[in-house]
1. Given the condition within 16 Å of the ligand (Cβ to nearest atom), in a loop (DSSP other than H, G, I, E, B) and modelled with pLDDT under 95, answer yes or no: does some residue in segment 134-155 qualify?
2. Determine whether segment 91-100 contains at least one residue that is within 20 Å of residue 169 (Cβ to Cβ) and assigned to a helix (DSSP H, G or I).
3. When only residues in segment 176-193 that are away from the ligand (no atom under 13 Å from the Cβ), surrounded by fewer than 20 Cβ atoms within 10 Å (Cβ to Cβ) and not small (Gly, Ala, Ser) count, which is modelled with the highest pLDDT?
4. Mind checking whether some residue in segment 84-95 is over 15 Å from residue 196 (Cα atoms) and modelled with pLDDT of 90 or more?
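The values are calculated or read from the model by the stated rules, or taken from the named source; none is laboratory data. Source: prediction; values computed, not measured. Because the Cβ atoms are built from the backbone with ideal geometry, glycine has one as well, and the counts that use them run over all protein chains shown.
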Amino acid sequence: MPIDKLYLAVLASVGSAAALAQTTTPQPEPISIEAVSSPQELLDLKCWIAETLALLKSKEFKNNLSSLSVDYTRVSFGSRSASVAELSKVVGLEYPYRFYPTPVALVGNQWNSTVLTGHNGERINGILVTSMAVGRQHFARFRSANAVERSCAINTMAHEISHTITDSPTLATGVIEDTGTSATIGAATPIASYLMGSVAQCTYLQKVGRIKEEELRSCIAVFGDSEFNNGRCNQFNADEPLQWPKRAPRP
Ligand SMILES: [Zn+2]
């Protein structure tokens, strides 16, 4: 199937209003898929990216993130810290923030996921360097029937997408970074990329009815606001409350 038709089919299959809106109002794709092993991988990876982008654009995500301004006075962006409101501006792509076009590849059967940004305009063969690589262990989670496992893949993709945001018209500046944080800002300060991932994850779990609206904070506490608690993703059956340490389900 031609890529444009395939993309529309994928967006239609995602089923969210935000994603469907993109079929009538085409948006430039911030992430282009460069390396997969099969048509099914291409389809599923497009779904994973489209669903995560739609979540990040949703009013539910925005409301959840804004509500955390009472919990966090500052959020670390890496080289600086800022308010939750500023993070909301960054994720909402308010001027001057925008996505830097980023190719993505599925790599190996592993947990690695990473975004390489050409912070200072580094070039390889004349091309500005920015790329995303995602291991297939994360990808397998996206295909899981367990909503919590699937939500962890959303977390990972939202986290990596955070690194593709730039505030430059020409360069990938890496507005949100994971490193260079705790020494200058304090260990208790959440890290924007991880917070963004967990808010996207927990918003997804609210949308599919796996957790209630008021469970946002306990959900974020399970998966982390300054790191990703990867090992907890496969610890919850469908009937188990999303809390850590785990509680037994009511008899
Ligand atoms: Zn990161």
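1. no
2. Yes, segment 91-100 contains a residue that is within 20 Å of residue 169 (Cβ to Cβ) and assigned to a helix (DSSP H, G or I).
3. 189
4. Step one: list which residues in segment 84-95 are over 15 Å from residue 196 (Cα atoms), which gives 94-95.
Pick out the ones that are also modelled with pLDDT of 90 or more and you get 94-95.
Within segment 84-95, one or more residues are over 15 Å from residue 196 (Cα atoms) and modelled with pLDDT of 90 or more.
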